[in-house]
Amino acid sequence: MAAAMTPYEKLLEDLEKNMKFQTEIDLGKRIGLYKVHHELGVGAFAKVKLGAHCLINSKVAIKIVSKELLDEKTMSLLKQEIECMTELCHPNIIRLFEVMETPYHFYISTEFATSGTITDKVEKYKHFSENMAKIYYSQILSAVQYIHEKNIVHRDIKSDNIFIHGELCKLGDFGFCTVNPKEKLLETFCGSPPYAAPELFKDDFYGGRNVDIWALGVLLYFMTVGELPFTGGTLGKLKQRILAGNYAEFPKHVSAPLKNLITDILKVNPSDRISVDEMMRCTWLEDTVFCTPMASSRVKPPLPGEEIDKIEKEALQELNTLGVKEDIIRQCPDSIKDRINGMYRLAYYKAAKKEFKQRQKIEDAKMERRAQRLADAQKRNKGNPISKLCVIM
C-alpha cells in the first residue's frame, strides 16, 4: 500500500494535474505555491495584490512587475532592491520571502502590513500626539540604523513607505535603495521632491546616509504637525525653500525637545545634521526602547549539524510537518527564487511574530503592574508630590 502523500506532495501534484488549479494559474489567481487575491495598489511599473501561501497559511503582499515596462535602469534598480531586501531581517522592515519569475513578470512575495501607512494614520488623526509619534518614530529609527549598519541606504523614506502592522511600523518600498559604504558618494536623484535633501537639487555627488537623515526630519515634522515642512506651488518654489532650509513654523502644540530634534535634522549642510545614533539619544526620545534585529536572515533552511535558535527550530519543524524533509532541503540552491527557501523564510517570520506577541504580552503585564503600583502609591500619598511613571513602550 502506497504511503499517503504529504501536504507538500499533494499541492505539487494538484499544480501539475488538477484542471481547476491550471485554470487559476492561467487567470493569474495562482503563482507558485500562492493563491493571488484582490489588488492592493498600482504603481508605474508594478501592481501589488494580496496573496496567501497555500501551505504556510499566511497572508503576503505580492508585487507583480511587468518585464515589458522595465528598461536597463529600472531592471538594475529591481535587482538591487531584491538583493538588499534578501539581507534584511528586522521587526521594523517589510520582510522579503520569495521571488518568482515567468517569461513576462517578476512576482515578489513580501510581508503584508494590515493597517495602511503613516500617511493614512496622519489623515485619520490630523497629526500624531507626541507620545504616539515617539512609539512609531523610534521604530523607524531602529530600521534606518539597521540598514545603514549594513551599508544600505533607502533614498525614498516618506510617510507612504512606512507601513503599519498592529502596533508595529515597518519601513518598506526599497525600490531606490542601494549598497552605499560610508566613503562612497552617489549621484542619482531618487525619491519624492518634498522629502528630498538640498544636496539632491545641486546636481552633485551626495552621501546616501545624509539624504535618509534629512527625509527622517521631514517625516517627523509631518507626523507631529500634520503637514509637510516644505511646500510650494511649483517644483521650482519647493526647490528654493528646501535649498534655503526655509520650512514652515512649528504650531504651538509642538514641544521644545521635539522642535530641537527636527531643527537639528533639517540642516542645509549635510555635515551639520544630527546622526541617527544621536537622534536615538536625544532628549525627546529619552527612555525610549528601540527594537533590535531578528537573529537570522537565512535564505536556505538549516541542515542537521547547523546551529539554530528557537525560532529557526520552530520554522524547520513546520516545514518537516508539511513534508519538506532533509533530503529536499539538501537539494535547495542558495537562492531567494527557490520555493522551499520561500516557505522557510515565511515560516520563520510566522514563528518570530508569534514569539514577539508572547513577549509583548509579558511586557504589557509588567506595565499594568507598574501602573497599578503607581495608582496605589498615589492613593497612599494623597497631597504629597511623587514622581510620575512614564512608559513609552
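The values are calculated or read from the model by the stated rules, or taken from the named source; none is laboratory data. Quick caveat, the model's predicted, so the values are computed rather than measured. Glycine also receives a Cβ, built like all others from the backbone with ideal geometry; neighbour counts cover every protein chain displayed.
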* Asked: Which ones in the range 141-162 are part of a helix (DSSP H, G or I), charged (D, E, K, R) and touching an Asp or Glu at 6+ places or on another chain (Cβ under 8 Å)?
  -> D160
* Sole exception among (1) surrounded by fewer than 16 Cβ atoms within 10 Å (Cβ to Cβ); (2) in contact with a Phe, Trp or Tyr (Cβ under 6 Å, 6 or more places away or on another chain); (3) not basic (K, R) for G116, by number -> (2)
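Only one of these is hydrophobic (A, V, I, L, M, F, W, C), closer than 30 Å to L69 by Cβ and either at pLDDT 95 or above or within 25 Å of the chain's Cα centre (by Cα) (or both): F45, F21. Name it. Show your work before the answer.
Numbers: F21 fails: either at pLDDT 95 or above or within 25 Å of the chain's Cα centre (by Cα) (or both).
Answer to the selection: F45.
A365: surrounded by 11 or more Cβ atoms within 10 Å (Cβ to Cβ) and either among the charged types (D, E, K, R) or on the phi < 0 side of the Ramachandran plot (or both), yes or no?
Numbers: surrounded by 11 or more Cβ atoms within 10 Å (Cβ to Cβ): no; either among the charged types (D, E, K, R) or on the phi < 0 side of the Ramachandran plot (or both): yes.
It is false that A365 is surrounded by 11 or more Cβ atoms within 10 Å (Cβ to Cβ) and either among the charged types (D, E, K, R) or on the phi < 0 side of the Ramachandran plot (or both).
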* Does V211 count as of a type outside the set (K, R), over 16 Å from S138 (Cβ atoms), at pLDDT 95 or above and in contact with a His (Cβ under 6 Å, 6 or more places away or on another chain)? -> no
* **Test: C89 is part of a helix (DSSP H, G or I) and outside the structural domain of L261 (by TED's automatic domain parsing)** => no
* To do: Tell me which of these S387 doesn't satisfy, since it passes every other one: (1) modelled with pLDDT under 70; (2) part of a helix (DSSP H, G or I).
  => (2)
* Asked: Mind checking which residues of the range 177-198 are surrounded by 16 or more Cβ atoms within 10 Å (Cβ to Cβ), of a type outside the set (A, V, I, L, M) and not in a loop (DSSP other than H, G, I, E, B)?
  -> T178, P194, Y195, P198
* Would you check which residues across the range 240-270 are touching a residue at least 60 places away in the same chain (Cβ under 8 Å) and not in a loop (DSSP other than H, G, I, E, B) and list them? => L258, P270
